[in-house]
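Let me begin by presenting the structure, written as C-alpha cells, before commenting on it.
The values are calculated or read from the model by the stated rules, or taken from the named source; none is laboratory data. Treat the numbers as computed from the prediction; the structure is a model and nothing was measured. Backbone-built Cβ (ideal geometry, glycine too); neighbour counts: all protein chains shown. Protein only, heavy atoms only, side chains kept; ligands, DNA and RNA dropped before computing areas. Shrake-Rupley method; radii C 1.70, N 1.55, O 1.52, S 1.80 Å.
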Amino acid sequence: MALIDVIKYEGKPGEIVWKFPRNDISTFGQLVVNESQEAIFFKEGKALDVFGPGTHTLKTGNVPILENLVNLPFGGQTPFTAEVVFINKALIQLKWGTPAPIQVEDPKYTITLGVRANGSYNIKIVDSKAFAIGVVGARGAYSQDEVDNFLRPMIVTRLSDFLAEVVLKSGEPITRLNQHLEEASSAGKTKIQPDFSKYGIDVLDFFVQSINFDQNDPNFQKIQKILTDKFEIDALGGMYQQKRMLDIGEAAAKNEGGNAGQGLSAGLGLGMGVNMGNMMAGMVGQNNAGAGAAQNDAATRLTKLKSMLEQGLISQEEFDAKKKDILNSI
C-alpha cells in the first residue's frame, strides 16, 4: 500500500471532530490544516503534537514530539503509524432546553415548582487535546448534534442553581423570573463555564430565552395567591384589615343553619355590640372631610351595618341597599 503523502480534512459539514481514515504516514508528507482547525497526532491513544492552520511538512525536526515518541530515523522517506484527528475550532451555535420540568425551590416562600426553560448558547473549543480526549475518545467523527447531546445535561444540572441565585438577588418569587432573563443568562454562563472548561470549551454567550411554569400546579397557584394578597395589602393600606373583616362577615351571613352570628363574632371580634340607635346615627350623620377620612368612616359604617344584619335588626335587602349607598359615598 502506498504511503500517505497528503493528509487533509475530508469530513462532512457540521462535524466538529474528524479522524483521518488511514494511519500509515510518510515523513516528508504534507499535513494541510484549514482555517479555524487544529490537527492532533495520536500514537497508541496518547495525544502528541498539535498543528494549527497551514501546510506542514512532516519531517524530523519539524515534529519534535513525534520524533521522540515514534522514534523516527533521520533522513529518508520513512513510514510511521499515527492517527490524525482534526478539530473544528470555529464558533458553534447550539440550543438548550429542559426535556422535563426541573424542581426548583423558591427561596422566598420555600415552595417547590416545576420549571421549564430554554435558550441558546455559543461555544468555542479552545483546548483541542482536552476536547478530543475528554469528549471524543476513540470515535472517528463527532458531529455538532453529538456535542449538543453531550453538553446539554450539564446545563440542566446547573439550572436550579443559577435560577435560585437570581431569585435571591432580585428578592422576588421564582414566578417572576421572566422579568430577569438577562440576569439569569449572566448567572447561567458563570455557573456552566467551569464544567465546560474541563473539556477545553469556552462559553462565549449563554441566553435564557423563556421560563415557564405549569399554571395548574397547586404550588404555582399558591404563590400567585400570596402575590395577590400582598398586592391588596399594599394597595389598601390600613383599609385591608377592615376589608377582610367585612369579607368574613359576608361569608358568615351566607352560611345556613343559624350560626351566622357566631361566625361574624369570630371574624369581627368581641365587643362590637353597641347601641343600635347610635350605630344608625353614626352611619347617617358622619361626613368627614378628606378622602382618607371618608374611606375609614365608610368601613366603620359597613361594619356596623353588618352587625345590624346579623342581629336581625335589618333585612338582607335593606343591608344591600344601604351598603351600596355607603360605597357610593366614598
Qualifying positions in the range 128-145 - open to solvent by 50 Å² or more (accessible area, probe 1.4 Å) and either assigned by the TED database to the domain that holds residue 44 or part of a helix (DSSP H, G or I) (or both): 129, 133, 144, 145
Residues satisfying the stated conditions in the range 319-330, i.e. modelled with pLDDT under 75 and not hydrophobic (A, V, I, L, M, F, W, C): 328, 329
Residue count, the range 193-225 (criterion: in contact (Cβ under 8 Å) with a residue 60 or more places away in the chain and open to solvent by less than 40 Å² (accessible area, probe 1.4 Å)): 12
Residues of the range 52-89 satisfying the condition of being at pLDDT 85 or above and open to solvent by less than 20 Å² (accessible area, probe 1.4 Å): 84, 85, 86, 87
Tally of residues being part of a loop (DSSP other than H, G, I, E, B), modelled with pLDDT under 85 and in contact with an Asp or Glu (Cβ under 8 Å, 6 or more places away or on another chain) across the range 20-31: 1
Residue, farthest from the chain's Cα centre (by Cα), within the range 32-49, restricted to residues that are modelled with pLDDT of 90 or more and outside any loop (DSSP other than H, G, I, E, B): 32
Subset of the range 146-162 [open to solvent by less than 30 Å² (accessible area, probe 1.4 Å) and over 17 Å from the mean Cα position of the chain (by Cα)]: 147, 148
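Take the conditions surrounded by fewer than 16 Cβ atoms within 10 Å (Cβ to Cβ) and in the same structural domain as residue 102 (by the TED database) and apply them to residue 169. Does it pass?
Considered against the rule, which asks whether it is surrounded by fewer than 16 Cβ atoms within 10 Å (Cβ to Cβ) and in the same structural domain as residue 102 (by the TED database), residue 169 comes out as yes.
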Top-ranked residue in the range 86-137 [being basic (Lys, Arg) and without any contact (Cβ under 8 Å) to a residue 60 or more places away in the chain; ranked as farthest from residue 187 (Cα to Cα)]: 89
